[in-house]
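Since every read-out is calculated from the coordinates, none of them should be taken as a lab result. Quick caveat: nothing in here was measured; it's all calculated off a predicted structure. Here the Cβ is made from the backbone with ideal geometry for all residues, glycine too, and neighbour counts use every protein chain on show.
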Amino acid sequence: MASERKPMMAANWKMNKTVREAEDYVAKLLPRVSDATDEVDVAVFAPFTSLPTVGRMTQDAAVIAGAQNLYFEDSGAYTGEVSAPMLKDVGTGAVIVGHSERREIFGETDETVARKAAKALEAGLVPIVCVGETKEERDAGGMWDKVSGQVRAVMEALDGPSGDAVVFAYEPIWAIGTGETASPEDAQEAIGQIRGLLGELGGEEFAGSVRILYGGSIKPSNAADIMAQDDVDGGLVGGASLEAESFVELVEAARRSVARDEDDAEERVVE
Ligand SMILES: O=C[C@H](O)COP(=O)(O)O
């Protein structure tokens, strides 16, 4: 991680937790991360049913309540969908768009993902834009074609966003929920490439300040090595975020990466 960007550690609960379970989790989490939020953005992406609870409980805390999806219209005859104004209404600050599970299982396309990202941004929600390739695409040498296409589609739909208004997450699909994480070097290479492309598309200032997370089997035992990579600004975590205790460990790992960066910067000044 580079010290000019504030890291983000994001819990994506996916389709898990009742309202009661969400309440217990957030009650455990808040006191444990309250000292860390100056240095690390902590976000919890809850299902729609428990999101109002998370929004209410985090209202006076520096923890971000996030949604896992939204629709790109504000209201109307779209049965089953939830809009940006509805999310804002229950205290949501950020929303995941284009998670690979949405793309692969529910047929979301680059175009719908781009429209969702643009709508989130317009509404003042931070879109967490997910990109990533399948194992087959990677093995066939098509990783960059896929990922760069996903990034381009979103950037074309956004109107020169500032670096703090949007977050990207590189999540290789083969590493999601499989226990098979990308090596820290592979994560760095892919995320460095994405940052390079964001520089071409959005300018150097944007590329230098926008955060890019890694997602895919992050756990307390591998978080430090992943967070130590220059271009990796945090994690989007599924399985290891389901217990408050292990998510707190991940927040702590992100926090230690900030301290390490500051030590490195001081050493450079002394030299
Ligand atoms: O959104 C989170 C990612 O899909 C990663 O999930 P995972 O940590 O269970 O591999």
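For VAL95, nonlocal amide neighbours, meaning residues 5 or more places apart or on other chains whose placed amide H falls under 5 Å from its own, are ALA67, VAL126, ILE128. Net charge dipole, the chain: roughly 1000 debye, given to the nearest 20, about the Cα centre with Cβ charges of +1 for Lys and Arg and -1 for Asp and Glu.
Just want the ordering: ARG20, ARG260, ARG211, ARG115, from fewest to most Cβ atoms lying within 10 Å of their own Cβ. Before the final figure, lay out each step's value.
Numbers: ARG20 10, ARG260 15, ARG211 23, ARG115 18.
Going from least to most buried by this count: ARG20, ARG260, ARG115, ARG211.
Between the amide H of ASP41 and those of MET8, MET9, distances stay under 5 Å, these residues lying 5 or more places away or on another chain, with hydrogens modeled in the peptide plane. Centroid-to-centroid, using Cα positions, the range 24-56 and the range 169-241 are 22 Å apart.
What order do you get for PHE168, PHE48 when you list them from fewest to most C-beta neighbours inside 10 Å? Write down the numbers at each step before the final one.
Details: PHE168 27, PHE48 15.
If I rank by nearby Cβ atoms, fewest first, I get PHE48, PHE168.
For the pair GLU180 and VAL19, label points projected 7 Å from Cα toward Cβ lie 4.1 nm apart. Candidate cross-link partners of LYS17 among the lysines, defined by an alpha-carbon separation under 16 Å and a same-chain spacing of 8 or more, comprise LYS28. Compared with the alpha-carbon gap, the fully stretched path from VAL90 to GLU267 is longer by 59.2 nm at 0.36 nm per residue.
Which order do ASP231, ASP89, ASP41 fall in if you start with the one that has the fewest other Cβ atoms within 10 Å? It would help to have the intermediate numbers written out before the result.
Details: ASP231 22, ASP89 11, ASP41 25.
Ordered from fewest to most neighbouring Cβ atoms within 10 Å, ASP231, ASP89, ASP41 come out as ASP89, ASP231, ASP41.
With R₀ set to 51 Å, the beta-carbon distance separating THR79 from ALA259 gives a calculated FRET efficiency near 0.55. In sequence order, the range 89-94 has phi-based couplings of 4, 9, x, 7, x, 8 Hz under the Karplus curve 6.51 cos²θ - 1.76 cosθ + 1.60, θ = phi - 60°, and Gly or Pro positions carry x.
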